[in-house]
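Here the structure comes first, spelled out in structure tokens, and everything after it is commentary.
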Amino acid sequence: MLSILITPSALAGPGEANGTVTYVVDGDTICIQIQGHDTRIGNITVRLADIDCPEINTNEGPSCRNYAYRKLNGSSITLDLDDKTGKDSMGRWVAVLFLPEQDGTLVNFNRMLVDSKHACILDFRNNEFDPLSWWNGTHPSEACKTESNKNDSDDCADAYNSKCSDGPIVGNAATARYHHPCCPHSRDMNLSDVVWFMSSEDAIDQGYLPCEVCCLQ
């Protein structure tokens, strides 16, 4: 598998990576075509840092995803990528996403999701970001969760009983199997083998077979 290479010299702030949003998975998971890279390696999946949006199969999930879609889909964006751990346990790049205004000002989209009540703050300690800094040290207390209450592996735990065709699918390039994101087998794969698909049909079209544990219908 090919992977995107971000050099240390690029890890300096909001403008360290620029690209175009190609797909909005849900409120806090975005697919981006990075500019200046071969198209085979420039497509990355980004998990917006230190916020948590409702899962797509909840009552609030579709409206949150629609908000992100309206703001982001097809838009040119810039990223501040986490240079502490880089990716989360599901192989997604962790980042703060910025939308440029007409005057060139960069607007923090992670904060926009919280301010619009489509997300809450969830401050993971394993990345470089401090969400308090987005509000100059203050923010609504009701917008907070603690890491002890939720972590990476909880991101879709409530959705585990949904069918594999109901949302984004994670594939294992080493086994050519696709899994529900919360399947135990998806947690065990090497990050270099992680491939994200928009649906089970997409995975099947690429030659992947369903997991025999989580994708039984």
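The values are calculated or read from the model by the stated rules, or taken from the named source; none is laboratory data. If you're wondering where the values come from, they're calculated on a predicted model, not measured in any experiment. Note that each Cβ is placed from the backbone with ideal geometry, even for glycine, and that neighbours are counted across all protein chains shown.
Could you check how many residues of region 5-49 are part of a loop (DSSP other than H, G, I, E, B) and modelled with pLDDT under 90? Lay out the reasoning, then the answer.
Our first condition is that a residue be part of a loop (DSSP other than H, G, I, E, B); within region 5-49, this holds for 5-7, 11-13, 27-28, 35-42, 49.
From what is left, the residues that are modelled with pLDDT under 90 are 5-7, 11-13, 35-42.
Matching residues across region 5-49 total 14.
In region 29-72, which residues are buried (at least 19 other Cβ atoms within 10 Å of the Cβ) and on the phi > 0 side of the Ramachandran plot?
The one that is buried (at least 19 other Cβ atoms within 10 Å of the Cβ) and on the phi > 0 side of the Ramachandran plot: Asp50.
Quick grid of which residues meet (1) buried (at least 17 other Cβ atoms within 10 Å of the Cβ); (2) touching a residue at least 24 places away in the same chain (Cβ under 8 Å):
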{"position": "Gly74", "(1), (2)": "no, yes"}
{"position": "Asp83", "(1), (2)": "no, yes"}
{"position": "Lys87", "(1), (2)": "yes, yes"}
{"position": "Leu97", "(1), (2)": "yes, yes"}
{"position": "Asp103", "(1), (2)": "no, no"}
{"position": "Val107", "(1), (2)": "no, no"}
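Would you mention how many residues in region 57-75 are of a type in the set (Ser, Thr, Tyr) and assigned to a helix (DSSP H, G or I)?
So the count comes out to 3.
Taking Phe129 as the residue in question, decide whether it is assigned to a strand (DSSP E or B) and either under 24 Å from Gln35 (Cα atoms) or modelled with pLDDT of 85 or more (or both).
Numbers: assigned to a strand (DSSP E or B): no; either under 24 Å from Gln35 (Cα atoms) or modelled with pLDDT of 85 or more (or both): yes.
So Phe129 does not fit the description; no.
Filter region 88-125 for residues that are under 12 Å from Thr29 (Cα atoms) and among the charged types (D, E, K, R) and give the result.
Of everything in region 88-125, those that are under 12 Å from Thr29 (Cα atoms) and among the charged types (D, E, K, R) turn out to be Asp88, Arg92.
Looking for something modelled with pLDDT of 70 or more, exposed (fewer than 15 other Cβ atoms within 10 Å of the Cβ) and under 18 Å from the mean Cα position of the chain (by Cα) - is there at least one such residue anywhere in region 144-166?
We begin by selecting, within region 144-166, every residue modelled with pLDDT of 70 or more; these are none.
Checked region 144-166: no residue is modelled with pLDDT of 70 or more, exposed (fewer than 15 other Cβ atoms within 10 Å of the Cβ) and under 18 Å from the mean Cα position of the chain (by Cα).
Residue by residue through region 97-112, note down the ones that are touching a helix residue (DSSP H, G or I) at 6+ places or on another chain (Cβ under 9 Å) and of a type in the set (S, T, N, Q). Lay out the reasoning, then the answer.
As a first pass, look at region 97-112 and keep what is touching a helix residue (DSSP H, G or I) at 6+ places or on another chain (Cβ under 9 Å): 97-99, 106, 108-112.
If the condition is that a residue be touching a helix residue (DSSP H, G or I) at 6+ places or on another chain (Cβ under 9 Å) and of a type in the set (S, T, N, Q), then Asn108, Asn110 are the ones that fit.
Counting only residues that are more than 17 Å from Asn110 (Cα to Cα), touching a residue at least 60 places away in the same chain (Cβ under 8 Å) and out of contact with any Asp or Glu (no Cβ under 9 Å at 6 or more places or on another chain), how many does region 40-71 have?
0
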